[in-house]
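Structure first, then comments.
The values are calculated or read from the model by the stated rules, or taken from the named source; none is laboratory data. The structure displayed is predicted, hence computed values, not measured ones. Note that we place each Cβ from the backbone using ideal geometry, even for glycine, and neighbour counts take in every protein chain shown. Accessible surface areas use protein heavy atoms only, side chains included; no ligands, DNA or RNA. Shrake-Rupley method; radii C 1.70, N 1.55, O 1.52, S 1.80 Å.
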Amino acid sequence: MSLKIHRIPAFRDNYFWLFHQDGASGATVVDPGDAEPVLRALATLGLQLDAILATHHHPDHIGGIPALSNLGQIPVYGPYSNKIPFVTHPLADGDRVEFGGLVFQVIAVPGHTLDHLAYYMSTDIDRPVVFCGDTLFAGGCGRLFEGTPQQMLESLKKIASLDSRTLIYCAHEYTQANLEFASVVEPGNTALTQRRRQVDLLRANGTPTIPTDLATELKTNPFLRCNLPEVIRSAKLRDGSTNFDASEANVFRVIRSWKDKFQPGSRPP
Ligand code: ZN
Ligand code: FE
């Protein structure tokens, strides 16, 4: 079986994902923050929309759903949350859900929001895929709007424990800025230095850097590396307290809030 995934760029840096089984005409869209680009993509590709999938309630991920669902004619899957009133099929951690013969596993990943879900598929395809919204990004992770650092760390660990060949379909093109920050946290990470150079070249041509894959993230994403000496050392320096708590959760907390204040371009490369 083969899975086709199409990228729909939208707004400034969002990606909506449109997927279907190769040869099938019915497709599912993930996180359509706007209807217009989705309708254009469907027309161009000759596909029809069979289902809508949401990872969390932020407007840039659900804004297009009322228009696309055609007054409830097309099923809308997403977290059980009063913030997404038009979900017709509420999902929760551990659920399995099928779209056009493709079976996904639902993983709760609270942190960016409390209702955040990720969708993982690993059977019958070359490489597993995960649609993870604003949880794990290439080189970074989502901001903590609703959850605690501990919650987000646990959510990231759930994703980090998937098959390392998994392709990560996140919802934003933030990679370049994320890697700039990552390089400040881990200046000694040569895999990171190399990746940053590649990504800078890609972005200079306007080429997308998503999907990324889990193996690459494990080597270069500081938010998945909070138990490693250089990340701990940087967090400790940033925090400045003499009796620094070097637990993974505290290291994560420090670098996440550091990233919140970090201005890309503020430091020499
Ligand atoms: Zn969001
Ligand atoms: Fe978003």
All positions within the range 212-245 that are surrounded by 14 or more Cβ atoms within 10 Å (Cβ to Cβ), not acidic (D, E) and not in a helix (DSSP H, G or I): T212, N221, R225, C226, L228, F244
Residue match in the range 75-83 (condition: in contact (Cβ under 8 Å) with a residue 40 or more places away in the chain and under 25 Å from S2 (Cβ atoms)): no
Hits in the range 114-138 - residues which are within 11 Å of ligand 1 (Cβ to nearest atom), more than 13 Å from G78 (Cα to Cα) and out of contact with any helix residue (DSSP H, G or I) (no Cβ under 7 Å at 6 or more places or on another chain): D134
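Here's a check for you: in the range 161-194, which residue that is within 12 Å of the chain's Cα centre (by Cα) and open to solvent by 30 Å² or more (accessible area, probe 1.4 Å) is nearest to ligand 2 (Cβ to nearest atom)? Before the answer, list the steps.
Filtering the range 161-194 for residues within 12 Å of the chain's Cα centre (by Cα) gives 167-175.
Subset that is open to solvent by 30 Å² or more (accessible area, probe 1.4 Å): 167, 174.
Values: L167: 19, Y174: 10 Å.
Step by step, filter the range 161-194, then rank; the result is Y174.
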Enumeration of residues in the range 4-28 that are farther than 16 Å from L167 by Cβ, open to solvent by 20 Å² or more (accessible area, probe 1.4 Å) and within 18 Å of the chain's Cα centre (by Cα): P9, F11, R12, D13
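So which of R143, R203 ends up being among the basic types (K, R), out of contact with any strand residue (DSSP E or B) (no Cβ under 9 Å at 6 or more places or on another chain) and within 16 Å of ligand 2 (Cβ to nearest atom)? Even if it seems obvious, please write down each step before you answer.
Values: R203 fails: within 16 Å of ligand 2 (Cβ to nearest atom).
Only one candidate passes the filter, namely R143.
Taking F86, is it over 27 Å from S247 (Cα atoms), more than 16 Å from ligand 1 (Cβ to nearest atom) and surrounded by 19 or more Cβ atoms within 10 Å (Cβ to Cβ)? Talk me through it step by step, then tell me what you get.
Numbers: over 27 Å from S247 (Cα atoms): yes; more than 16 Å from ligand 1 (Cβ to nearest atom): yes; surrounded by 19 or more Cβ atoms within 10 Å (Cβ to Cβ): no.
Criteria not met by F86.
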Any hit, the range 61-72, residues being within 15 Å of ligand 2 (Cβ to nearest atom) and in a loop (DSSP other than H, G, I, E, B): yes
Residues of the range 1-59 satisfying the condition of being among the acidic types (D, E) and outside any strand (DSSP E or B): D13, D22, D31, D34, E36
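Let me confirm something: among P75, P59, which residue is open to solvent by 50 Å² or more (accessible area, probe 1.4 Å) and not hydroxyl-bearing (S, T, Y)? So that I can check it myself, show each step before the final result.
Numbers: P75 fails: open to solvent by 50 Å² or more (accessible area, probe 1.4 Å).
Going through P75, P59 in turn, the sole match is P59.
Can you name every residue in the range 29-46 that is farther than 22 Å from V130 by Cβ and open to solvent by less than 40 Å² (accessible area, probe 1.4 Å)?
The initial filter retains those residues of the range 29-46 that are farther than 22 Å from V130 by Cβ, namely 34-37, 39-40, 42-46.
The answer is A35, P37, L42.
Do we find that D93 is part of a loop (DSSP other than H, G, I, E, B), modelled with pLDDT under 95, farther than 27 Å from A177 by Cβ and open to solvent by 30 Å² or more (accessible area, probe 1.4 Å) in this structure? Break it down into steps so the answer makes sense when it comes.
Details: part of a loop (DSSP other than H, G, I, E, B): yes; modelled with pLDDT under 95: no; farther than 27 Å from A177 by Cβ: yes; open to solvent by 30 Å² or more (accessible area, probe 1.4 Å): yes.
Answer is no for this residue.
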